[in-house]
Amino acid sequence: MTVTIIVINRDRPDLTNHVVEQLEAMGDGIEKRLYVVECGSKKPEGCSKYMTHWFRDPSYRGRYYGFNRGLEIARKDGSADYYWFVVNDISFPEGQDVLAELIGAMEEEPKMGLIGPGEPEADDYEGCHPKPGRRWHKVATVHGLAHFIRGEVIESIGYMNPAFHYSQGAGAEYAYKLYKAGWFLAYSDVATLRHAGSSTYGTVTKISRHEYHRRARDFATRYLEKHYGRDWDQRFTSVLPPEIEVNMFPKQKEIWGRKMHRNWKDVCPWFWKFGSRLKRNLKLTK
């Protein structure tokens, strides 16, 4: 059994080094191919000590662009039974072999195309919370923090659409493609993760977290309506099995449809910084 693991980093080697070390301790006896892909990180200070590949990306085109670049690299070394796409700002419970648990669920359910670790502390994504007494549960979508995907799915459908530079919307489209092709998605109720968040936008990139969400919502709404119609949420819902506990599609459509006002300090940050320096200098000269 072979598992290809792709981790992406953007100038946060502290986070990336930690999650890579956790991943390396998992899956005893399983052949793991680990790729740590630097999405335009500054050399050398922004790169993980586990870096395997680096590509130029001055504007940062998002996690799914980075993961797809990593997938292109990995597939040159051959196909795998499973692929695990891991962001750097998460952590797993110490001592828990999340990889072995996800493989176990996949091995028991041949039509499970994608599974993600549950997230007990999430407050903004319904359906991902583990419940006692079960191993996993079917869901409409799985957040893009640690997608564990069957190799057959990658070979036939690929991974998330890299056009979604701001992530939101990509998971909904991908879930629709999987369900339409006869697969299903799940969250683990045993394997879990914790998400730190806010590690890229507003931290190591030029745009703020607010501007990220504004652009993400606008893009998701425009893209999904253009390619799947104004009632895309109903179209996506039509392929879901009845046992889905939480249908995220209508809620996502409603959230992404809310307009956010532009923060003008995101438009020309150099202008506002210059203005602040000018004010400080004027105060000093008085």
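The values are calculated or read from the model by the stated rules, or taken from the named source; none is laboratory data. Treat the numbers as computed from the prediction; the structure is a model and nothing was measured. FYI the Cβ positions are ideal-geometry reconstructions off the backbone, even for glycines, and counts take in every protein chain you see.
Residues of segment 63-79 that are surrounded by 22 or more Cβ atoms within 10 Å (Cβ to Cβ) and touching a helix residue (DSSP H, G or I) at 6+ places or on another chain (Cβ under 7 Å): Tyr64 alone. The selection criterion, being in a helix (DSSP H, G or I) and either within 21 Å of His129 (Cβ to Cβ) or among the hydroxyl-bearing types (Ser, Thr, Tyr) (or both), holds for Tyr64.
Which of the residues belonging to segment 36-59 are surrounded by 20 or more Cβ atoms within 10 Å (Cβ to Cβ) and either assigned to a strand (DSSP E or B) or among the basic types (Lys, Arg) (or both)? Break it down stepwise before answering.
The initial filter retains those residues of segment 36-59 that are surrounded by 20 or more Cβ atoms within 10 Å (Cβ to Cβ), namely 36-41, 48, 51.
Once the filter is applied, which keeps residues that are surrounded by 20 or more Cβ atoms within 10 Å (Cβ to Cβ) and either assigned to a strand (DSSP E or B) or among the basic types (Lys, Arg) (or both), segment 36-59 yields Val36, Val37, Glu38, Cys39.
Identification of helices (runs of 4 or more DSSP H) wholly contained in segment 224-286 with 2 or more residues that are at pLDDT below 95 and exposed (fewer than 11 other Cβ atoms within 10 Å of the Cβ) yields 269-285. If you check Glu121 against the conditions, is it modelled with pLDDT under 95 and surrounded by fewer than 16 Cβ atoms within 10 Å (Cβ to Cβ)? Criteria met by Glu121.
Here Val142 clears all of (1) in contact with a Cys (Cβ under 9 Å, 6 or more places away or on another chain); (2) farther than 26 Å from Ala74 by Cβ except the condition numbered (2).
Could you please find all residues in segment 91-121 being in a loop (DSSP other than H, G, I, E, B) and under 11 Å from Thr192 (Cα atoms)?
Looking only at segment 91-121, we keep the residues that are in a loop (DSSP other than H, G, I, E, B), and these are 92-97, 109-111, 119-121.
Once the filter is applied, which keeps residues that are in a loop (DSSP other than H, G, I, E, B) and under 11 Å from Thr192 (Cα atoms), segment 91-121 yields Phe92, Pro93, Glu94, Gln96, Asp97, Glu119, Pro120, Glu121.
Could you tell me which of the residues Arg63, Arg33, Arg12 is of a type in the set (Lys, Arg), within 23 Å of Ser167 (Cα to Cα) and out of contact with any Phe, Trp or Tyr (no Cβ under 9 Å at 6 or more places or on another chain)? Working first, answer last.
Details: Arg63 fails: out of contact with any Phe, Trp or Tyr (no Cβ under 9 Å at 6 or more places or on another chain); Arg33 fails: within 23 Å of Ser167 (Cα to Cα).
Sole residue among the options that is of a type in the set (Lys, Arg), within 23 Å of Ser167 (Cα to Cα) and out of contact with any Phe, Trp or Tyr (no Cβ under 9 Å at 6 or more places or on another chain): Arg12.
Taken across segment 148-158, residues that are surrounded by 20 or more Cβ atoms within 10 Å (Cβ to Cβ) and of a type in the set (Ser, Thr, Tyr) do not occur at all.
Yes/no per residue for (1) basic (Lys, Arg); (2) farther than 23 Å from Lys251 by Cα; (3) part of a loop (DSSP other than H, G, I, E, B):
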{"site": "Ile149", "(1), (2), (3)": "no, yes, no"}
{"site": "Glu152", "(1), (2), (3)": "no, yes, no"}
{"site": "Met160", "(1), (2), (3)": "no, no, yes"}
{"site": "Ser167", "(1), (2), (3)": "no, no, yes"}
{"site": "Tyr174", "(1), (2), (3)": "no, no, no"}
{"site": "Leu178", "(1), (2), (3)": "no, no, no"}
{"site": "Gly182", "(1), (2), (3)": "no, yes, yes"}
{"site": "Ser188", "(1), (2), (3)": "no, no, no"}
{"site": "Gly197", "(1), (2), (3)": "no, no, yes"}
